[in-house]
Structures are given as C-alpha cells and as structure tokens.
1. Filter Lys113/Lys145; Lys3/Lys68; Lys8/Lys68; Lys68/Lys159 down to the pairs with a C-alpha to C-alpha distance above 23 Å, please.
2. How much length is gained on full extension from Lys118 to Phe150, taking 0.36 nm per residue of separation minus their Cα-Cα distance?
3. Label Arg37 and Gln78 with points 7 Å out from Cα along Cα→Cβ: what is the distance between them in nm?
4. In the neighborhood of Thr31, defined by Cβ-to-Cβ distances under 15 Å, what is the net charge if each Lys or Arg adds +1 and each Asp or Glu adds -1?
5. If you take the charge dipole of the chain about its Cα centre, with +1 on Lys and Arg Cβ and -1 on Asp and Glu Cβ, which of Asn120, Val24, Val101 is farthest toward its positive end?
6. First check a/c for the chain, with a ≥ b ≥ c the square roots of the eigenvalues of its C-alpha gyration tensor; if it is under 1.5, answer rounded, and if not, answer prolate when a/b is larger than b/c or oblate otherwise.
7. First select every other residue whose beta carbon is under 13 angstrom from the beta carbon of Ala102; then total the charges, Lys and Arg +1, Asp and Glu -1.
8. Using the Karplus curve 6.51 cos²θ - 1.76 cosθ + 1.60 with θ = phi - 60°, what ³J(HN,Hα) values do you get for each residue of region 42-58, in whole Hz, with x for Gly and Pro?
Amino acid sequence: MIKEIEEKDIFECAQVIRNSFITVANEFGFTADNAPRFTAFAINADRLRYQLEIEHRLMVAYCLDSGKIIGYYSLLWQDNHQCELNNLCVLPEHRHEGVGVALLCDAFDRAKKEKCNKINIGIVEENQVLRKWYENHGFLHIGTKKFDFFPFTCGYMEKSL
C-alpha cells in the first residue's frame, strides 16, 4: 500500500531512508566523516519533520500489509510547474520486488495531479546502476556538479511529465 505519511510516521521513515542509503555509502566508501551531508548520515526525524511542516513536501511511504514502511519518497514543489524527487528508497531486503517502480510511478501521478510538467532529481553520479535505472524510466541526464563537501559528483536528471 502506498500512502501519504503522517507526523507519526516520520521516525520510521527516517530509519528507512538511512537504512536504504547506507548501502550506497558502503558501496562507494562514504562515511559520516567524509560525507556528513550524504543522506544516510544527514536525515533524521527532525529534518523530515521540517520538510513536512515547513517546506510542505509531499511525503509518501510504501507499506506492507502489516503497516511496516519499506519504501519512501518526497516531492518538493518548485517554480515553473516543476518538482524535485527526493530520497526515493527501498529497504535493501525488499529491493527487486517492484517497490521502487511503484513509488516512482506514484510520484509521477501525484506530480501530474499538482500540474507539474517536469520532475527533477539529483543522484550520486558515480552510481551508474542507479543512473541507468532512472534513464530506463524516462529520465534524461542533464549535467553534473562537484561540491567540496561531498567525495562524489552530483548528477542531475529530469523527466518531462
């Protein structure tokens, strides 16, 4: 089941995000010391609460029948009828079950309902598997940027809706 989260879900969503993104950190050698602003280390319940209550992001979870949250994403509304997809993730033990695709399609549908005509994402550029996955779902790679505070390059992609 896919649902918009409520304040009571924030702590569990933060855990899902951290546990999902830590696999990327481990694969590419990111640590809290060399990449403290990377999602696996930077997201906590307070940050998500701010995104929900102050930024008014749409926050969505994929839940099992038991109610356990196993996937997550948020949409940040931008100018010019665009939005940014953030923190799309699935717990490692539930990957390759279609959860990520279901969440991505849900994001497309919800963005269209809000009259968005373009969805933007940022990824770890060195993660070619993830880049290919997004390309297979209609995203186009539009550029990169290197930040001093990350030991990786940020890749940027977009999809017209």
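Bear in mind these aren't lab numbers, they're just calculated from the coordinates by the rules spelled out. Computed from a prediction, not measured in an experiment: that's the story for all the values here. When we count neighbours, we look across all protein chains shown, and the Cβ atoms used for this are built from the backbone with ideal geometry, even at glycine.
1. Result: Lys113/Lys145; Lys68/Lys159 exceed 23 Å.
2. 8.9 nm
3. Placing both labels 7 Å along Cα→Cβ, they lie 1.7 nm apart.
4. My count for the surroundings of Thr31 gives 0.
5. Asn120
6. It comes out rounded by the Cα gyration axes.
7. Neighbour charge sum, excluding Ala102 itself: 0.
8. Those phi angles translate into 9, 7, 8, 4, 5, 5, 5, 4, 4, 4, 6, 8, 9, 7, 6, 6, 7 Hz.
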